[in-house]
């Protein structure tokens, strides 16, 4: 009974704030658009024909416009997560190798961008990257360019904004993993003559793989549905799922199709999470099994 009372509040919280909204969203996705408020009619019965009920979901599969948006979102999220992971490794290694009294201040510096609003930070990047901004001003004063270079509304600006926004999400799990690693294994590899890069590639990287996978997913999942950064910094042709969903919901007022896009995006993001959980479960089972020893050996014997 006590266990039930403890689990009931979080269960109700998840039911009201996670399961119920997803259920409502799925119901709207199965509806049909119609003029009025709200601009849809309730789902028809399955006896009336499954094709009419799932028309919005079929549109996502059959229309190449939405398939291209999903593909572009996956590519942008994958590149952004990879860039964050590459930049997060040296930062996490530096924080883990720092004296203990310096780790909290260094982590505070990593989280420092969160102390400022998201939109003001993007506004600062717009001011830096625009034709009359500081970056072009410095390049022209140094004589590197004769005219302003188009930096804003490009893929580079979009990825720069993505990395700036989500880099802390990659640093934190990597730092936690690297702080728990066994340093004696790296020291043994170095004593045997391994170069620093070899130690990192063969020892540190495998030991930190769970943290790297978590860091990649923590960036990939929100980046796949990002709308604000591509809208303010990216090129006009960068039609990601977030921008397409916003257009269907607010401009076309096609709530059922927008809901179908949201449900499809949710299903797309569940797949890598489940894969990561299976990998974690497999790693835990392998780590729990004792190392095999040859016949006749006791734990204290040296082979």
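The values are calculated or read from the model by the stated rules, or taken from the named source; none is laboratory data. Remember, it's a predicted structure, so these values are computed and weren't measured experimentally. Positions of Cβ are backbone-derived with ideal geometry, glycine not excepted, and every protein chain shown enters the neighbour counts.
Things to note:
- Residue list for the range 226-253, restricted to those being farther than 15 Å from residue 163 by Cα and part of a loop (DSSP other than H, G, I, E, B): 235, 236, 237, 238, 239, 240, 252, 253
- Some residue of the range 156-172 being under 20 Å from the mean Cα position of the chain (by Cα), farther than 24 Å from residue 234 by Cα, surrounded by 12 or more Cβ atoms within 10 Å (Cβ to Cβ) and at pLDDT 90 or above: yes
- Members of the range 130-155 that are part of a helix (DSSP H, G or I), free of Cβ contacts under 8 Å to residues at least 60 places away in the same chain and surrounded by fewer than 17 Cβ atoms within 10 Å (Cβ to Cβ): 134, 137, 138, 139, 140, 141
- Residue match in the range 92-99 (condition: at pLDDT 90 or above, part of a helix (DSSP H, G or I) and either in contact with a strand residue (DSSP E or B) (Cβ under 7 Å, 6 or more places away or on another chain) or farther than 21 Å from residue 214 by Cα (or both)): no
Here is a yes/no grid of residues against (1) within 18 Å of the chain's Cα centre (by Cα); (2) modelled with pLDDT of 85 or more; (3) under 21 Å from residue 80 (Cβ atoms):
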{"residue": "242", "(1), (2), (3)": "yes, yes, yes"}
{"residue": "250", "(1), (2), (3)": "no, yes, no"}
{"residue": "260", "(1), (2), (3)": "no, yes, no"}
{"residue": "286", "(1), (2), (3)": "no, no, no"}
{"residue": "292", "(1), (2), (3)": "no, no, no"}
{"residue": "302", "(1), (2), (3)": "no, no, no"}
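- Residue in the range 200-213 that is within 30 Å of residue 261 (Cα to Cα) and within 21 Å of the chain's Cα centre (by Cα) present: yes
Quick grid of which residues meet (1) at pLDDT 80 or above; (2) out of contact with any strand residue (DSSP E or B) (no Cβ under 8 Å at 6 or more places or on another chain); (3) surrounded by 14 or more Cβ atoms within 10 Å (Cβ to Cβ):
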{"position": "25", "(1), (2), (3)": "yes, yes, yes"}
{"position": "44", "(1), (2), (3)": "no, no, yes"}
{"position": "56", "(1), (2), (3)": "yes, yes, yes"}
{"position": "59", "(1), (2), (3)": "yes, yes, yes"}
{"position": "63", "(1), (2), (3)": "yes, yes, no"}
{"position": "72", "(1), (2), (3)": "yes, yes, yes"}
{"position": "77", "(1), (2), (3)": "yes, yes, yes"}
{"position": "80", "(1), (2), (3)": "yes, yes, yes"}
{"position": "86", "(1), (2), (3)": "yes, yes, no"}
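- Which numbered condition residue 109 fails, given (1) at pLDDT 90 or above; (2) touching a helix residue (DSSP H, G or I) at 6+ places or on another chain (Cβ under 8 Å): (2)
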